[in-house]
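A.B. asks: I'd like to ask you about the structure that follows.
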Amino acid sequence: MKVSLFITCLADQMYPEVGESVVRILHKYGCEVDFPASQTCCGQPAFNSGYQDEAREVARNLIRAFEHSDYVVSPSGSCTGMVHHYYPHLFKDEPDWLLKAENLVNKTYEFTQFVVNILGITDMGAVFNGKVTYHPSCHAMRLLGVKEEPLTLLANIQGLEYIDLPKKEDCCGFGGTFAVKMADMSEAMVCEKAAHVLETNAEVLVGTDMGCLMNIGGRLNKEGKPIRVLHLSQLLEGGHVR
């Protein structure tokens, strides 16, 4: 199975180790992974700020980058959600590009979606002895409907003690440009989210979107709380394999 990695801006620039974990996991299950070097941003920051023309041009580049890919896999529900829900809107008046956008939609998956629903893997044989809580990101959960896949993978990690996050469906306050334009509101939201994480007494917070994890992790760090923050792929790959 040939898979192209859609790394996303945050993972590429700040968390490359997340992309490395995803690639190693895909290799483990027989995928041939490539990395189209021409990929850049998905256009979400421009789109969310109302700059649809600029977002459209960025989207064209991403469509071209993955035009010949069989499957496209990303460690981000947010960027995958952008492709799935807003690319068809961006090109609704351009039939040729709309077809290309829909082709990309049909082969693009968030990491846990692909692993569970396409590869059919629910147990990676991982072992992690510790308390873990999980933050479900808004875009993965609401735009893509990714709810059970991450929990299924977590449930099959031997030794892991899963602790449900209070008010887990509440936004962490990041929202990309929202955190810049509405900084005070964003800070209040992430403070509340961090407090709920601390309620669990978990040693590790996991998620599937680095934007959320960067935001929550930054708040926990500012408060001096020693909680590890990991993308789910890192936990799955980094534990012992039974």
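A.B. asks: Taking the stretch 84-127, which residues are within 21 Å of the chain's Cα centre (by Cα), within 30 Å of ILE163 (Cα to Cα) and not in a helix (DSSP H, G or I)?
C.D. replies: The answer is TYR109, GLU110, LEU119, GLY120, ILE121, THR122, ASP123, MET124, ALA126.
A.B. asks: I need every pair where a residue in the stretch 48-70 that is touching a residue at least 60 places away in the same chain (Cβ under 8 Å) has its Cβ under 7 Å from the Cβ of a residue that is small (Gly, Ala, Ser) and surrounded by 14 or more Cβ atoms within 10 Å (Cβ to Cβ), sequence separation at least 6 or different chains.
C.D. replies: ASN48/GLY176; PHE66/SER4; SER69/SER4
A.B. asks: Given the conditions (1) under 23 Å from LEU10 (Cβ atoms); (2) among the polar types (S, T, N, Q); (3) touching a Lys or Arg at 6+ places or on another chain (Cβ under 8 Å), report the number of the one that THR200 does not fulfil.
C.D. replies: (1)
A.B. asks: Which condition number in (1) of a type outside the set (A, V, I, L, M); (2) crowded, with 23+ Cβ neighbours inside 10 Å; (3) part of a loop (DSSP other than H, G, I, E, B) is the one that GLU169 fails?
C.D. replies: Looking at each condition in turn, GLU169 falls short on (2).
A.B. asks: Might you let me know whether the stretch 194-207 holds any residue that is surrounded by 17 or more Cβ atoms within 10 Å (Cβ to Cβ), in contact (Cβ under 8 Å) with a residue 60 or more places away in the chain and polar (S, T, N, Q)?
C.D. replies: Within the stretch 194-207, one or more residues are surrounded by 17 or more Cβ atoms within 10 Å (Cβ to Cβ), in contact (Cβ under 8 Å) with a residue 60 or more places away in the chain and polar (S, T, N, Q).
A.B. asks: In addition: Scan the stretch 1-27 for residues that are free of Cβ contacts under 8 Å to residues at least 24 places away in the same chain and either closer than 16 Å to THR80 by Cα or over 17 Å from the mean Cα position of the chain (by Cα) (or both) and jot them down.
C.D. replies: Once the filter is applied, which keeps residues that are free of Cβ contacts under 8 Å to residues at least 24 places away in the same chain and either closer than 16 Å to THR80 by Cα or over 17 Å from the mean Cα position of the chain (by Cα) (or both), the stretch 1-27 yields ASP12, HIS27.
A.B. asks: Failed condition for GLY145, given (1) part of a loop (DSSP other than H, G, I, E, B); (2) within 22 Å of GLY81 (Cβ to Cβ); (3) touching a residue at least 24 places away in the same chain (Cβ under 8 Å), with all others met?
C.D. replies: (3)
A.B. asks: Given the residues PHE91, PHE111, which is the only one that is among the aromatic types (Phe, Trp, Tyr), more than 28 Å from LEU154 (Cβ to Cβ), surrounded by 20 or more Cβ atoms within 10 Å (Cβ to Cβ) and not assigned by TED's automatic domain parsing to the domain that holds GLY217?
C.D. replies: PHE91
A.B. asks: Can you name every residue in the stretch 22-35 that is within 16 Å of PHE6 (Cβ to Cβ), surrounded by fewer than 19 Cβ atoms within 10 Å (Cβ to Cβ) and out of contact with any Lys or Arg (no Cβ under 9 Å at 6 or more places or on another chain)?
C.D. replies: Passing the criteria: only PHE35.
The values are calculated or read from the model by the stated rules, or taken from the named source; none is laboratory data. Small disclaimer: the values here were computed from a predicted structure and weren't measured. So basically every Cβ, Gly included, is an ideal-geometry build from the backbone, and we count neighbours across all protein chains shown.
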